[in-house]
1. Of the residues 15, 50, 7, which single one is among the β-branched types (Val, Ile, Thr), surrounded by fewer than 14 Cβ atoms within 10 Å (Cβ to Cβ) and touching a residue at least 12 places away in the same chain (Cβ under 8 Å)?
2. So, residue 165, is that one surrounded by fewer than 14 Cβ atoms within 10 Å (Cβ to Cβ), on the phi < 0 side of the Ramachandran plot and not aromatic (Phe, Trp, Tyr) or not?
3. Report whether or not residue 106 is closer than 27 Å to residue 188 by Cα, out of contact with any Pro (no Cβ under 8 Å at 6 or more places or on another chain), assigned to a loop (DSSP other than H, G, I, E, B) and of a type in the set (Ser, Thr, Tyr).
4. State which residue is least open to solvent (accessible area, probe 1.4 Å) when the search covers only region 75-92 and only residues that are touching a residue at least 24 places away in the same chain (Cβ under 8 Å) and over 20 Å from residue 26 (Cα atoms).
5. If you take the residues in region 155-209 that are under 16 Å from the mean Cα position of the chain (by Cα) and of a type in the set (Val, Ile, Thr), which one is nearest to residue 13 (Cα to Cα)?
6. Going through 81, 53, 61 one at a time, which residue ends up being within 20 Å of residue 23 (Cβ to Cβ), outside any loop (DSSP other than H, G, I, E, B) and either out of contact with any Lys or Arg (no Cβ under 8 Å at 6 or more places or on another chain) or modelled with pLDDT of 95 or more (or both)?
7. Can you tell me which of (1) closer than 26 Å to residue 29 by Cβ; (2) open to solvent by less than 60 Å² (accessible area, probe 1.4 Å); (3) modelled with pLDDT of 95 or more is the one residue 130 doesn't meet?
8. Here is a list of conditions, (1) open to solvent by 70 Å² or more (accessible area, probe 1.4 Å); (2) closer than 13 Å to residue 31 by Cβ, and residue 72 meets all of them except one; can you say which number that is?
Amino acid sequence: MEASPNTNKILQILTQTYPELPIPLKHRNAFELLIAVILSAQCTDARVNTVTPKLFPNDRPCAAADILKLGEDQVRKIIYPCGYYNSKTKAIMGCAHALLNKEVSSNFQELTALPGVGAKTAQVVQAQAFGIDAFPVDTHVHRVCNRLGLADSGKNRDKTERQVKATISQKHWSRLHLELIYHGRALSTARKPKCSECPLNKLCPSSEA
């Protein structure tokens with residue numbers, strides 16, 4: 001896929017529209033972010049942010065030992081509202097065992113070697129905990145990239161990631177990831193996108209405005 005002729009203008013408008021980009025998942029260290037991203041699969045960030053305060057210590061950042069001390073049954077009970085609680089509990093406990101008395105690595109291969117950690121989770125941790133250029137593709141990012149013509153990948157999120165990384169400079173990846181999430185939530189929603197309100201409607205091949 002060749003870069004869209006509108007790519008640079010799209011990037012410029014997104015940055016103007018979303019000058020402030022708070023990290024959606026609340027965390028105090030890389031381990032908390034890792035756990036929060038695991039919980040966010042098929043779950044809203046807002047719900048995860050209501051669950052993690054019950055999972056993490058109040059007075060200090062969470063460490064692997066804190067999760068192991070809670071135990072599998074208690075972790076499962078706490079994260080129940082996030083859905084897929086059995087598989088998420090298995091991943092969280094597995095990460096806690098693997099990271100006991102260790103720091104979360106910024107290395108992609110070491111991150112994806114952890115239980116339940118795929119490419120998307122690893123890249124979120126890289127970008128948001130360590131400031132490494134990365135382009136994780138979630139539902140919002142995938143949808144908006146294809147609507148805007150930044151990707152042409154059907155339902156294949158891995159292809160979306162490959163296409164964007166091939167056509168957009170690495171220095172933009174981490175910021176663009178967050179801009180697309182916020183845009184997907186605010187305007188380019190899954191159902192009934194608000195094309196008439198969207199500052200990108202004249203550049204978007206999918207616009208209904």
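The values are calculated or read from the model by the stated rules, or taken from the named source; none is laboratory data. Bear in mind that the values here come from a model prediction, so they are computed numbers and not experimental data. FYI the Cβ positions are ideal-geometry reconstructions off the backbone, even for glycines, and counts take in every protein chain you see. For accessibility, only protein heavy atoms count, side chains too; no ligands or nucleic acids. Shrake-Rupley method; radii C 1.70, N 1.55, O 1.52, S 1.80 Å.
1. Just a single option satisfies the conditions, and that option is 50.
2. Numbers: surrounded by fewer than 14 Cβ atoms within 10 Å (Cβ to Cβ): no; on the phi < 0 side of the Ramachandran plot: yes; not aromatic (Phe, Trp, Tyr): yes.
No, not satisfied.
3. Values: closer than 27 Å to residue 188 by Cα: no; out of contact with any Pro (no Cβ under 8 Å at 6 or more places or on another chain): yes; assigned to a loop (DSSP other than H, G, I, E, B): yes; of a type in the set (Ser, Thr, Tyr): yes.
Criteria not met by residue 106.
4. First pass over region 75-92, keeping only residues touching a residue at least 24 places away in the same chain (Cβ under 8 Å): 78-79, 81-84, 87-88, 90-92.
Still in the running and over 20 Å from residue 26 (Cα atoms): 84, 87, 90.
Working: 84: 145, 87: 70, 90: 157 Å².
Taking the candidates together, the pick is 87.
5. Looking at the filtered set, the residue picked out is 181.
6. Within the list 81, 53, 61, the selection yields 53.
7. Just one mismatch for residue 130, condition (2).
8. So residue 72 meets the others, but not (2).
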